[in-house]
1. Looking only at the stretch 519-529, count how many residues are closer than 15 Å to residue 479 by Cα and either hydroxyl-bearing (Ser, Thr, Tyr) or at pLDDT 90 or above (or both).
2. Does any residue in the stretch 205-221 that is part of a strand (DSSP E or B) come within less than 7 Å, Cβ to Cβ, of a residue that is at pLDDT below 80 and exposed (fewer than 15 other Cβ atoms within 10 Å of the Cβ) six or more places away or on a different chain, and which pairs are these?
3. Being without any contact (Cβ under 8 Å) to a residue 24 or more places away in the chain and of a type in the set (Lys, Arg) is the filter here, so list the residues in the stretch 355-393 that pass it.
4. Evaluate the following for residue 71: is it assigned to a helix (DSSP H, G or I), at pLDDT 70 or above, small (Gly, Ala, Ser) and surrounded by 11 or more Cβ atoms within 10 Å (Cβ to Cβ)?
5. Scan the stretch 397-437 residue by residue and report those that are more than 59 Å from the chain's Cα centre (by Cα) and among the charged types (D, E, K, R).
6. Can you tell me how many residues within the stretch 556-584 are aliphatic (A, V, I, L, M), surrounded by 16 or more Cβ atoms within 10 Å (Cβ to Cβ) and over 58 Å from the mean Cα position of the chain (by Cα)?
7. Quick one: which of 516, 551, 533, 506 is in a loop (DSSP other than H, G, I, E, B), in contact with a strand residue (DSSP E or B) (Cβ under 8 Å, 6 or more places away or on another chain), surrounded by 15 or more Cβ atoms within 10 Å (Cβ to Cβ) and in contact (Cβ under 8 Å) with a residue 12 or more places away in the chain?
8. Please find, among 436, 440, the residue that is closer than 18 Å to residue 501 by Cα and at pLDDT below 80.
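The values are calculated or read from the model by the stated rules, or taken from the named source; none is laboratory data. Bear in mind that the values here come from a model prediction, so they are computed numbers and not experimental data. No Cβ is skipped: glycine too gets one built from the backbone with ideal geometry, and neighbour counts run over all protein chains shown.
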Amino acid sequence: MSKSTEAKQVESQQQLEQLRSLILGKNSHVVTDAIQKEARTIVGEVLSEALHDRQKKDGSVNKVLLPIVESAVEDSVAHNSDRLVNSLYPLMGSLVRKSVTAFLTDFMEKTNQLIDSSLTFKGLTWRIKAWQAGVKFSQYVASQTFVYRVEHVFLIHRETGLLLNSVNFNNTAKSDADLISSMLTAINDFVGDSFLDNEDGLKEQLETVTTDNFTLLIKPGPNALVVAAVTGKPPQKVSDKLQIILESIHSLYASELMQFNGDNEAFVTAENLLRDCLLAEQKTTEPKNNKTPWFAWLAVLFFIIILGFQTVKWWENQVLNDKLMTLDHESGVVINHIEVQDHNKVVLDILRDPDAISVSDWLQKNDLTIEQLSLTERLYHSLDLEILNTRAQRILLEYPEITMMWHSKILHLSGTLAVLKSAKLLSALTAAGFTLERNLIIEDIKPPFANEAITSKAIKAQIFKDLVGRISTIQLEFPVASADVTPSMQLTLQQLYQYFHQLNQLADQLDLNVGLVIIGCSDNSGSIAKNTLLSRQRGENTGDALNLLGLSKAQMYVTGLGQIDIMKVKNNARKVIFNVLYVSNDEKTNNEM
């Protein structure tokens, strides 16, 4: 505060005291004591009218009562919350509904404005310009949307430069208000001390400070300053409003400002006065009734089209996948893996019996067309009844004398057939997956001559020798330095097990004992010791696989030949070979004796 201003205030106070003494005289206390006795009655009679007149005059009553009411409500909540809740309970439902409605309305308006500002050519242009200017997009939008907007208002003590209170438009506290107030006071003092006094003999005062983003409007008073940070071009009414608020603060907080000692707690209630300075005026734009955000609608339409296309594509692929899965229901076909990558691109991995329907025929049968079919088809020996029936019909085409009939999933053959032909027929049926007494009965096949017992035994002996030959021709081929039994080898071992199972049944009928010799071999790559060990391991792994299928280890003998040094086969001798040993029960008895 300047010395001239302080002198004027002291002189005014002295003049007021002189006038009071002239009117009341030396016994002024007599008058004041009489008035004080009736003060309550006098004030009570005119209190309502006085409050009404003062509120009507400058609206200061609300500003004074508002902090008092707020403090009273806070005390009530703190000490009598139950009573306050019970009093407000009837209103809570309505208040909540109105609050939610207001929130949703505000949210929809902000969302609509955001879309309108972001998904339009103007919005994209604003983003680019905001990036070029180095300011936030929201701040740039505000500068383009509003003619002006008061962003911050500060109340500063003039003599000390300390911040008394501050408010901002978005209720955020990103700026350091204390630092701003100190800097403004320092700049203002610098201007007053550095330049000449004006015509009235008073120091020069800053009124406006312009920056890249804000215009600072400064309204000085005897004891306080009101400073407003404004974006855009502020009109005169903003300055007038600041002046009115400054005068109200000096009127309501005169003693607090005069006696300020650094504690700004007394000015907390001045926030409502300062908020009256947060003015804004939105730019008037042309009516938008006919404006359509084509860019936004095109983006939404494009997204819907892409989503719809992907949905239709997924549905078509799912339908095709479901149709292809029905292939697994066909006899002699097992689906390992299926992947529909596109409507015209399918990856299919299956096991198929040679007598089962082909994939191409099945697709044609079901009216399915696939332009890019990646098919992996592996050999599969099926024992499905339909496949067995097809094989039996194909084999019996060479034997018109024989008739077939299925009963309880067992094939019954009848007719007249020579011994050699009967052996050949039974051998073909065995290779096709039929096993005597399990799914094949040939007792009704009669030879053309009378000695049936001898003939029947001769047929079985012939079939026995044929099965021994079949087993001896089976070989398993291993990769280099590997002893693992692969899935394709498992299929071969399943066929071998079926042959040996039939061999056991025939051996019992022919009074023979049989055993399976499993021989592992190796090529000449690597050392002899390693090859010997590897050949033995291949034989043992094969024996373990047969044991898992049901072949007893008591009927197996496993050995390893090591490295095979035969000139033309030693480079590819990575195999396991099989042989069948059989002796009659008479020879076994003689050997034991």
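1. Of all residues in the stretch 519-529, those closer than 15 Å to residue 479 by Cα come to 520-526.
Those still in the list that are either hydroxyl-bearing (Ser, Thr, Tyr) or at pLDDT 90 or above (or both) too: 520-523, 525.
Within the stretch 519-529, residues that are closer than 15 Å to residue 479 by Cα and either hydroxyl-bearing (Ser, Thr, Tyr) or at pLDDT 90 or above (or both) number 5.
2. Qualifying pairs under 7 Å: 218/207; 220/205.
3. 365
4. Yes; evaluated as a whole, the condition is true for this residue.
5. Residues of the stretch 397-437 that are more than 59 Å from the chain's Cα centre (by Cα), as a first pass: 397-405, 412-428, 436-437.
Residues satisfying the conditions are 398, 401, 421, 424, 437.
6. So in the stretch 556-584, the residues aliphatic (A, V, I, L, M) come out as 556, 558, 561, 564, 566-567, 569, 573, 576-577, 580-581, 583.
Among the residues that remain, those that are also surrounded by 16 or more Cβ atoms within 10 Å (Cβ to Cβ) are: 556, 558, 561, 564, 573, 576-577, 580.
Among the residues that remain, those that are also over 58 Å from the mean Cα position of the chain (by Cα) are: 561, 564, 580.
Number satisfying all stated conditions: 3.
7. Criteria check complete, one pass: 551.
8. Working: 440 fails: at pLDDT below 80.
Answer to the selection: 436.
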